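The values are calculated or read from the model by the stated rules, or taken from the named source; none is laboratory data. Because the structure is predicted, anything quoted here is derived from the model rather than measured. Cβ: placed from backbone, ideal geometry, glycine included. Neighbour counts: every protein chain shown.
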Amino acid sequence: MGYRVGLILGLGLLLVWGTALVTAQTDMNASANSCTQTLEALWVAASDACVSGPVGYICTGGSAPQSVEPVGPVSNALVSPGALVEIGLVDGLQTTPILPAGASGGIVWLRPDQPIRFTGLALGEVRLRDATPPDFPAWQSIVVETLPPVETGCATTPPNVYVAQTPFAEPTNIVINGVSVSLNGTILVITRPGETVFAGLSGQAGLFAAGQNQLLRTGQQISVPYNPDNFATPIGAPGIAAPLTESLAPNLPTALLDRPVIVPQPGYVTTQGDVNMRAAPTTDAALLVQVPAGEIISVLGRNPAGDWYHVRLDSGETGWMYAPLLLQFVGPITAIYEATPLPPQRYGILGTSAKVLAPAGVNLRTAPDVTFPALAALQDGTQVTLLARSPYSPWVKVDASGMVGWLALITIETESVLEALPIDYDVPPPPEPTRIPGSFGNAFPDPNRNGN
């Protein structure tokens, strides 16, 4: 009898314990989903406020900065999301940490004007100071300090970082923490006690300090030494480039960048001879381009078998290459997939909205070519929703007040990342061109012969 009672009590305790574990796991999942959704809302609001901001200004995308120099009208002007202040009027600022529980956080864009062209994005708690000498463009030289992270209880909170990015194929020369940076792409900057870490996210950068230069490629990181609490002047040369540490910048919302990028995997690969880049990890997939020998290529991921790499060229083109044909200088690759992922899309409505930009109007057509019938004429300024892109021509599928059709890309204006739109393969190919008389075996009539 006692045995049965003990067994029943034991089973009851196991049931209660199991129920408690399930409840706890459910609560944890709900909490994780909640903080991720809160961060997503924060990115959307910041994107709407500042992604299309003008050159020559600082734009506040998140919470008001903790401090702005000089204090007064300038600091007061940067309080609300979307606020713009001429970049030359600001000497320094400190942003706030990302706090999902409070749906708040520092997100600030810096867009210097000519002759230097780059965008700086401060995410989380970051101190920024303009260290540019007189008679040089404002913010060409900058001192960056990323503060230690605050425990938020949200696993998807990104670290405090500063990202600098040039427009595509427009290199520039800037100075970050006393290091001369020849930048042609995207770099991430994080400070730690006694060092500044530069990480390559796209393109490449030359780092020059203490009389020595190091080349920073996509998928690599380089450390530069400093005295504690003084990031204005390095005390040594840039270190040797090492494969990017994946934990350096997890959960980075790269869609906030002027040119969204996929965060690369550690290291890079090079071609030993001509290598085909294909649309999928198989030799049956469409050939995109043949890459010549000697090209240095960043790695975005690999297929489950590990015999194909998903790669990105310096031109920005992405595709798949057969791994055994490449010299490999890579670290652990954790991005594993079979289907090619789309690049990151803009947050919120910017990812799908567009406006007709055609003074004389434009025809909305049934398929992506001018030879297909017109559904309607859209006036200049008409707002449309982007749905997909064509597999064979620069056209996009749109929804214009419930009417779905195709517009030529040159007739719209959008902040959307067009490469991130899905491809609609269910469209008819453009019609064959009309044959010219006399071509393809047809003969012109001989005017000197009477019907013969």
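Does Ser223 satisfy being hydroxyl-bearing (Ser, Thr, Tyr) and closer than 15 Å to Glu195 by Cα? In short, yes. Screening the range 135-150 for residues that are assigned to a loop (DSSP other than H, G, I, E, B) and either within 27 Å of Leu39 (Cβ to Cβ) or touching a His at 6+ places or on another chain (Cβ under 6 Å) (or both) and picking the one that is modelled with the highest pLDDT gives Leu147. Mind counting the residues in the range 44-82 that are assigned to a helix (DSSP H, G or I), surrounded by 22 or more Cβ atoms within 10 Å (Cβ to Cβ) and not aliphatic (A, V, I, L, M)? Count: 2. Do you know which residues across the range 338-356 are without any contact (Cβ under 8 Å) to a residue 60 or more places away in the chain and under 30 Å from Thr282 (Cα atoms)? Result: Glu338, Ala339.
Specify the residue that is farthest from the chain's Cα centre (by Cα); the eligible residues are those in the range 142-190 that are surrounded by 19 or more Cβ atoms within 10 Å (Cβ to Cβ) and on the phi > 0 side of the Ramachandran plot. Once the filter is applied, the top-ranked residue is Gly178.
Per the listing Tyr226, Tyr162, the residue uniquely closer than 30 Å to Ser416 by Cβ, of a type in the set (Ser, Thr, Tyr) and not assigned by TED's automatic domain parsing to the domain that holds Thr414 is Tyr162. Can you find a residue in the range 48-66 that is in contact with a Phe, Trp or Tyr (Cβ under 9 Å, 6 or more places away or on another chain) and more than 20 Å from Leu257 (Cα to Cα)? The answer is no, given that none of the residues of the range 48-66 is in contact with a Phe, Trp or Tyr (Cβ under 9 Å, 6 or more places away or on another chain) and more than 20 Å from Leu257 (Cα to Cα). Answer yes or no as to whether Pro359 is without any contact (Cβ under 8 Å) to a residue 24 or more places away in the chain and either of a type outside the set (Ser, Thr, Tyr) or touching a Ser or Thr at 6+ places or on another chain (Cβ under 6 Å) (or both). So Pro359 fits the description; yes. Can you tell me which of Val175, Val181 is more than 17 Å from Asn230 (Cα to Cα) and in a strand (DSSP E or B)? Val181 is the lone residue from the list that is more than 17 Å from Asn230 (Cα to Cα) and in a strand (DSSP E or B). Number of residues in the range 191-216 that are buried (at least 21 other Cβ atoms within 10 Å of the Cβ) and in contact with a Phe, Trp or Tyr (Cβ under 8 Å, 6 or more places away or on another chain): the value is 5.
Somewhere in the range 89-97, is a residue in contact (Cβ under 8 Å) with a residue 60 or more places away in the chain, assigned to a loop (DSSP other than H, G, I, E, B) and closer than 27 Å to Thr36 by Cα?
Step one: filter the range 89-97 for residues in contact (Cβ under 8 Å) with a residue 60 or more places away in the chain, giving 97.
Those still in the list that are assigned to a loop (DSSP other than H, G, I, E, B) too: 97.
Now narrow it down to the ones that are closer than 27 Å to Thr36 by Cα: 97.
Looking for residues that are in contact (Cβ under 8 Å) with a residue 60 or more places away in the chain, assigned to a loop (DSSP other than H, G, I, E, B) and closer than 27 Å to Thr36 by Cα, one finds at least one in the range 89-97, hence yes.
Does Gly316 qualify as being surrounded by 17 or more Cβ atoms within 10 Å (Cβ to Cβ), within 19 Å of the chain's Cα centre (by Cα), closer than 25 Å to Pro391 by Cβ and in contact (Cβ under 8 Å) with a residue 40 or more places away in the chain? It is false that Gly316 is surrounded by 17 or more Cβ atoms within 10 Å (Cβ to Cβ), within 19 Å of the chain's Cα centre (by Cα), closer than 25 Å to Pro391 by Cβ and in contact (Cβ under 8 Å) with a residue 40 or more places away in the chain. Does Val85 qualify as being among the hydrophobic types (A, V, I, L, M, F, W, C), crowded, with 21+ Cβ neighbours inside 10 Å and at pLDDT 95 or above? No; evaluated as a whole, the condition is false for this residue.
Screening Gly102, Gly153 for residues that are small (Gly, Ala, Ser), at pLDDT below 95 and farther than 30 Å from Pro228 by Cβ leaves exactly one candidate, Gly102.
If you go through the range 103-116 and keep only what is out of contact with any Pro (no Cβ under 6 Å at 6 or more places or on another chain) and surrounded by fewer than 20 Cβ atoms within 10 Å (Cβ to Cβ), you end up with Ala103, Ser104, Asp113, Gln114, Pro115.
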